[in-house]
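Visitor: Below you will find the structure I want to go over with you.
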Amino acid sequence: MHYYVQGAYDEADSPGNEWRTASDWPLLAAPTKYFLSRDGELQLSCPPSPSSTLIVADPEHKADNGTGSTSFPGARDARFFESQTDRVKTFTTAPLTEPVEWTGAVHAAIAVRVGAPDCDVIVRVCDVYP
C-alpha cells in the first residue's frame, strides 16, 4: 500500500511531504492518549479530577465554516469556524517543540450528556500552523 504523508512545506527538517509504502493498514503504531481539560487544553496527562464543558446547541443558529455552510470538508483555515465559541469548543495543545507526525487511525472517546432529542458532535484533528 502507498500513502502520502503531508508535512510543513517551508521547514527543511520536518517529516513528511513524501510517498511511503506499507505492507498493511492501519500502520502499527504506539497509541498516544490526549485528554481534554476544562480550560480548553489538549494534554498528555489525565486531569486530576473529572471536568465538563458546557455548550448550548441551537439548531436555528448552527456553526458555519465562513461560507454559510455547516460542512467542513478537506484542509482549510478553521479560524472562523473556531471563533464561534458559543457553538464550537476547541481544545489545543501547548505549542509543539518538535515536529509530530500522525499517521493512521485516530480514535476519540467522549462522554456527552444531551438535553435535546438529538445532537451532532464532531471531533476534528487539525494542525495549528503559524
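The values are calculated or read from the model by the stated rules, or taken from the named source; none is laboratory data. Worth saying up front: this structure is predicted, and the values here are computed from it rather than measured. Neighbour counts are summed over all protein chains in view; Cβ atoms, including those assigned to glycine, are modelled from backbone coordinates with ideal geometry. Only protein heavy atoms, including side chains, enter the accessible area calculation; ligands, DNA and RNA are left aside. Shrake-Rupley method; radii C 1.70, N 1.55, O 1.52, S 1.80 Å.
Visitor: Kindly list, by first and then second residue, each pair from a residue in segment 102-125 that is part of a loop (DSSP other than H, G, I, E, B) to a residue that is among the small types (G, A, S) and surrounded by 10 or more Cβ atoms within 10 Å (Cβ to Cβ), limited to pairs with Cβ atoms under 7 Å and residues at least 6 apart or on different chains.
Guide: Matching pairs, first to second residue: G104/A29; A116/A57; C119/A57; V123/A108.
Visitor: Can you find even one residue in segment 61-68 that is closer than 24 Å to P26 by Cα and either assigned to a strand (DSSP E or B) or open to solvent by less than 70 Å² (accessible area, probe 1.4 Å) (or both)?
Guide: No, segment 61-68 contains no residue that is closer than 24 Å to P26 by Cα and either assigned to a strand (DSSP E or B) or open to solvent by less than 70 Å² (accessible area, probe 1.4 Å) (or both).
Visitor: Have a look at T85, T53 and point out the one that is assigned to a loop (DSSP other than H, G, I, E, B) and at pLDDT 85 or above.
Guide: Just one listed residue meets the conditions, T85.
Visitor: Please work out if A75 is at pLDDT 80 or above and out of contact with any strand residue (DSSP E or B) (no Cβ under 7 Å at 6 or more places or on another chain).
Guide: So A75 fails the test.
Visitor: Let me ask something else about it. Only one of A29, A22, A63 is at pLDDT 80 or above and touching a Lys or Arg at 6+ places or on another chain (Cβ under 6 Å). Can you tell me which?
Guide: Every option except A63 fails the conditions.
Visitor: Next question. Checking the structure you have, find out if any residue of segment 112-126 is in contact with a Leu (Cβ under 6 Å, 6 or more places away or on another chain) and surrounded by 11 or more Cβ atoms within 10 Å (Cβ to Cβ).
Guide: No, because not a single residue in segment 112-126 is in contact with a Leu (Cβ under 6 Å, 6 or more places away or on another chain) and surrounded by 11 or more Cβ atoms within 10 Å (Cβ to Cβ).
Visitor: Continuing with this model, one more query. Residues in segment 73-111 that are under 27 Å from A29 (Cα atoms), β-branched (V, I, T) and surrounded by 10 or more Cβ atoms within 10 Å (Cβ to Cβ): how many?
Guide: 6
Visitor: Follow-up. Under the condition of being under 19 Å from V106 (Cβ atoms) and of a type in the set (S, T, N, Q), which residue from segment 1-36 is surrounded by the most Cβ atoms within 10 Å (Cβ to Cβ)?
Guide: Residue satisfying both the conditions and the ranking: Q6.
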